[in-house]
1. Can you name every residue in the range B:86-118 that is touching a residue at least 60 places away in the same chain (Cβ under 8 Å) and more than 10 Å from every other protein chain (Cβ to nearest Cβ)?
2. Just one of B:ASN21, B:ASN40 is modelled with pLDDT of 90 or more, farther than 23 Å from C:GLY191 by Cα and in contact with a Leu (Cβ under 7 Å, 6 or more places away or on another chain); which is it?
3. Across the range A:161-177, which residue is surrounded by the most Cβ atoms within 10 Å (Cβ to Cβ) among those that are of a type outside the set (A, V, I, L, M, F, W, C) and in contact (Cβ under 8 Å) with a residue 12 or more places away in the chain?
4. Taking B:LEU36, is it in a loop (DSSP other than H, G, I, E, B) and either touching a helix residue (DSSP H, G or I) at 6+ places or on another chain (Cβ under 7 Å) or within 9 Å of chain C (Cβ to nearest Cβ) (or both)?
5. Suppose we keep only residues that are within 18 Å of A:ASN206 (Cβ to Cβ) and β-branched (Val, Ile, Thr) within the range A:97-132. Which one would you say is surrounded by the fewest Cβ atoms within 10 Å (Cβ to Cβ)?
6. Name the residues in the range C:108-119 that are under 20 Å from the mean Cα position of the chain (by Cα) and either facing chain A (nearest Cβ under 7 Å) or surrounded by fewer than 24 Cβ atoms within 10 Å (Cβ to Cβ) (or both), would you?
7. When only residues in the range B:378-401 that are assigned to a loop (DSSP other than H, G, I, E, B) and not charged (D, E, K, R) count, which is farthest from the other protein chains (Cβ to nearest Cβ)?
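The values are calculated or read from the model by the stated rules, or taken from the named source; none is laboratory data. Because the structure is a prediction, the values reported are computed rather than measured. Cβ placement follows ideal geometry from the backbone for every residue including glycine, while neighbour counts extend to all protein chains displayed.
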Amino acid sequence: MINKEKQPLYHKFRNSLIQSVGKMADPIIAIIMALLVGSIIIAITGDDVLLAITSLVLGAFGNMRSLGQSFLAATPILFTGLAFAVAYRSGIFNIGAEGQFLVGAIAGAYVGTLFIGLPSYLYITMVLLAGAIFGALWAFLPAILKIKLGVHEVINVIMLNKIALYFTNWLVSSSGPFRMGSTLPATPFVCPSVRFQPIFPNSPMNVGYFIGMVIAYVIYLIMWKTKGGFQMRAVGHNLYAAKFSGIYAERSMVKAFMLSGALAGIGGAMEICSVFGRFYAGFSPGYGFEGIAVSLLGNNHPAGIIISSILFGALKTGAMRMQILAGTNVNLVKVLQALIIFFVASRWSLVKVISNYKEKKRRLKTSDSSLSKEGGNK
Amino acid sequence: MREPILRLENITKVFPGVLANDQVNLEVQEGEILALLGENGAGKSTLMNVLFGLYTKDDGAIYFRGEKVNITCPKDAIKLGIGMVHQHFMLIDNLTVAENFILGSEPTERGLLSLKQAKKIVNQCSKEYGLSINSDSLVADISVGEQQRLEILKSLHRGAKILILDEPTAVLTPQKVEELYKVLRDLKSKGHSIILITHKLKEIKDISDRVAVMRSGKVVGVHETATVTAEELAELMVGRPVVLEVTKERQKTGERILEVNNLHAKDYRNLTALNGCSLHVKSGEIVGIAGVDGNGQSELLQVLSGFIVRDEGEIIINNRNLPRKFAQKEVYDCGVGHIPEDRMRMGIIADFTVEENLLLGFENDERYSSRYFLKKDAIHNRAVNLIKEFDIRTPSPLTEGGKLSGGNQQKVILAREISKNPNLLIAAQPTRGLDVSAIEFVYQQLLEQRKEGKGILLISFELDEIFALSDRILVIYGGEIIAEFTRSEATVKEVGLCMAGVRRKSND
Amino acid sequence: MIQIILQIATVNILIATLGMATPLILGSISGMYSELSGIINLGIEGMMIMGAFGAGIISLATGNPWLGVLFGIFLGGCMGLIHALLCIKFRANQSVVGVGINILAGGIPAVMLQYYWGNPGRTPQVASIKNISIPLLNKIPAIGAVFGDINPLTLIALFIVAGSHLLIYYTPFGLRVRAVGHHPKAVDTSGKNVFFIRYVSVIISGLLAGLGGSYLSVAQLSMFVNEMTAGRGFIALAAMIFGKRTPLGCFGAALLFGFADALQMTLQAVGVPIASDFLLMIPYVLTMIALAGFVGKTVDPVALGKPYVKS
């Protein structure tokens, strides 16, 4: 028996340090690998790789304006990323953030047009709350179907994504009640006090992302520091054992599902406050699904999600500039997202590769020594 | 000297953190029954899985009839004539006996499966070896004994000259075990070699020609069965003299803390699993339920934890009548602790830390949480104390539960359940997969609880365990308790006959 | 009201049903192959898009839509291979990989479209496979007219349904696939290669999804449009679950959902006074109702989603 406890303290520390660094290195390596493959694609399509990459980086961080836009782009996917993570860690595969986002957005847009002259803090809170409530409600239906009828949530949430799309489209269509006289298929603009103001000159950056960071921290507290979060994670890791220990697993799952929907809904309402000021048909270009990539890259943890959402936001912002200057299509970002998902999901890990290599060397050494023992017999 | 049909030389197999096989040398002769004896974790199953190609060895060589062979997958082993019957059968539940039999070597007629031919092959084989099975039944519907016969026939049909059996008697009554012995002796006379993996000394004495003892990954002794005693084997197995008897003090029993009356319930396939099961447990006694796997034990446990809703019957715990549908939490609230039969699936959350695993079930306790938040320090101190009290070997309370050894995981579960201070402790297969020192520890804890006046319901497949611990021994058969003995009046033979359904006995 | 029903209940809606159902039939049987062997496949949508895209560009390049179909099948198979590699060799979370495939397939056509035509969104019109009329069969009373205006790819889909039924229940391969999804270790100990069986199943899944996608760009429409699958891959998955992962079950369920699609289109064409957005919702709402009301608790293959590990 290899006795791990007998190892000297120094070795134990070194090993755990290697483990942690390795864990952080994996997402970075995933990004690097994805960028490498992306560069190959760019090269094949005949574009200038160097130009593409430099315009990507400049487009993301080059000046205050770009930086601000990167953060604005990061905000909605921070929320959909958190939404996916909360559900995922609780044993639920919520790929319905798309629909929950839309529903939250239009709810926020509607509430934002209801009153006049409310102070910003109050009104914005109401709008975000509306987004949370309706996002949670949109998640409630698939949650109930899952626990009462055993229907798998994946298909239901995808159906609800589509239904949300068509329903919100109708709400702002010419026959819909939320259009209220706008010339475009959109809600009227919300009251100005609802909209965020830029913080810095020459930059569109506003408090939106930072509110998101606060919410991310709150999610961290909920999942790891509260009773409810403990139970959700238990159910997510091992449903049977959690039930056996006395946890009401169904309640946990519904709570988690609704929390997840609420987060996506806040994200939608946030877009209203932060960027557009109104809801229009075609509001979400796939934020729900991008959130999945963001969450995975961030190891489904609020801290990681903060970092990866900034990364993806920057990627998208830079990609637009890349399209203008180097002619490479914006959708390359989707390809990069998919590659990152693949690399992270396959848990291709530098630490594992190194330890496998060391293991092979060790085996060769022991077989050498056993051969030398046998040398006499042969 | 006769060349052995099989020779394993310096076989080494490493798993993360465990040296499962450490330069193992073993020979198997043609036409002999070799027993491979060792405790759980000694490396016997690993060695045989290496031989059968399910594991790849890290070092060493295998010689078949003197020639070196390379076994990298079961296909290679089968080609050489090695067959294996696993402890948990390799059968597909929702396919028929015939379909399972031909899987991998299906007879075809113009490209399509010929189930007619398959049936013929099964019946032929069955006749040839004298093992009866029904080719048309679904595997899910046949008895465990029949499933075992199917597994043996499968191996023989594929040309097994060397047959490996992994703990074959775990699922059989004492009478069925005799039938199996007859089959094995028959095969031996036909020239087959049989490797019998077991931890039961009696079996070895009954059937084997030679016995190889393994301990901590090494072979520590090979003897002719006739010339070695059970005590010597036991000592080799554990490395020190073993006292197999458990001393129990007489204990006064009190009120009934568990009463089960006329329980009827179905299993997950909607077949009757409990058929009027009735029993009771008083405080201060250990009631052991003996029985062959598949007679309703699992379903009884699942009904008692709320996972299966009973069709009929009463469950009264601490004078509380449980409603028809209830959640496990309600049971625990009645003052119950429950050590589950499958610790990895039901008892431990592998990704949770030891601290968190110890907290399961206690997260609402006001000592460890306020209205919403968990009290970190209190939880940590609880873990530190329990780790000390129950001698849980773990690098730290923050180690993941999945990284602990089986014995230590069981200790975590014990610590957690006992710290609930329950009046009723349900212990299902509490020593499954544990080594001797862990088993001793569990026995101590259970007896301690009994001394403190708790009632314990013990369900186990190990008859020795039932006999060692129980004050009263019940036998479950066909979903009913068909026999009840006091410890003093119980004999293995009588209990065995009841386990087989041959006798019934009620206590008057 | 009666007028509307009369306008709808014509042979035309049957023809439309079969047409709309074709990609769903192929998609659901595609999913069936993968899941019977134990691998979750959420990437059917992405595999279909790649199939549609491949068929579109090769049909455009060569003028031969059948070559396009072959290429579409090939691309679908490639996606299937990626899915298989990640799920089997790397033992990645299968649901996550499926989502990744969908995102990848959302990106690649757009990038290529921009590269070739500068206007991401759609290809120019491509040569397509026209509907045909089958003699004899089209004389059958009531449903015969369906065979009077049927696409060859639909016929192929019908053959695939029948062929799959034969393959899954009456051949050794089918037996092994069903066994592997239930108890892979048992198949391993019988001497057969679990990984090989799963690779084949998932690649077949990709090929079929590619064919399903090809139908969209080269038969139903005569061009490739970005995201033209519009969620059909997921409806196909629902059909697979509704059909309890059997070929005939998938076929029936796909027909049902195809009918919902056809109904929605017909109602719009007929001018029913309901907003088009609500009509568009019909297939999706129907899917949810079907899953909730009529499936009950599905029994998944026991080993579904669990990677097989050898030591």
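1. Initially, the range B:86-118 is screened for residues touching a residue at least 60 places away in the same chain (Cβ under 8 Å), giving B:86-87, B:89-91.
Within the range B:86-118, just B:GLN87 meets the criteria.
2. Values: B:ASN40 fails: modelled with pLDDT of 90 or more.
None of the others qualify; the one that does is B:ASN21.
3. If we filter the range A:161-177 for residues that are of a type outside the set (A, V, I, L, M, F, W, C), which is where we start, we get A:161-162, A:166, A:168-169, A:173-177.
Still in the list and also in contact (Cβ under 8 Å) with a residue 12 or more places away in the chain: A:161-162, A:168-169, A:173.
Working: A:ASN161: 24, A:LYS162: 21, A:THR168: 29, A:ASN169: 21, A:SER173: 17.
Restricting to residues being of a type outside the set (A, V, I, L, M, F, W, C) and in contact (Cβ under 8 Å) with a residue 12 or more places away in the chain, the top hit is A:THR168.
4. Numbers: in a loop (DSSP other than H, G, I, E, B): no; either touching a helix residue (DSSP H, G or I) at 6+ places or on another chain (Cβ under 7 Å) or within 9 Å of chain C (Cβ to nearest Cβ) (or both): yes.
Criteria not met by B:LEU36.
5. Restricting to residues being within 18 Å of A:ASN206 (Cβ to Cβ) and β-branched (Val, Ile, Thr), the top hit is A:THR125.
6. As a first pass, look at the range C:108-119 and keep what is under 20 Å from the mean Cα position of the chain (by Cα): C:108-109.
Residue satisfying the conditions is C:ILE108 alone.
7. Of the range B:378-401, the ones assigned to a loop (DSSP other than H, G, I, E, B) are B:390-399.
Checking the rest, the ones that are also not charged (D, E, K, R) come to B:390, B:392, B:394-399.
Working: B:PHE390: 17, B:ILE392: 13, B:THR394: 9, B:PRO395: 6, B:SER396: 10, B:PRO397: 14, B:LEU398: 11, B:THR399: 10 Å.
Filtering first and then ranking leaves B:PHE390.
Residues checked against (1) in contact with a Pro (Cβ under 8 Å, 6 or more places away or on another chain); (2) under 30 Å from B:ALA98 (Cβ atoms); (3) basic (Lys, Arg):
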| site | (1), (2), (3) |
| --- | --- |
| C:PRO109 | no, no, no |
| C:GLY118 | no, no, no |
| C:LYS130 | no, no, yes |
| C:PRO135 | no, no, no |
| C:ILE140 | no, no, no |
| C:ALA145 | no, no, no |
| C:PHE173 | no, yes, no |
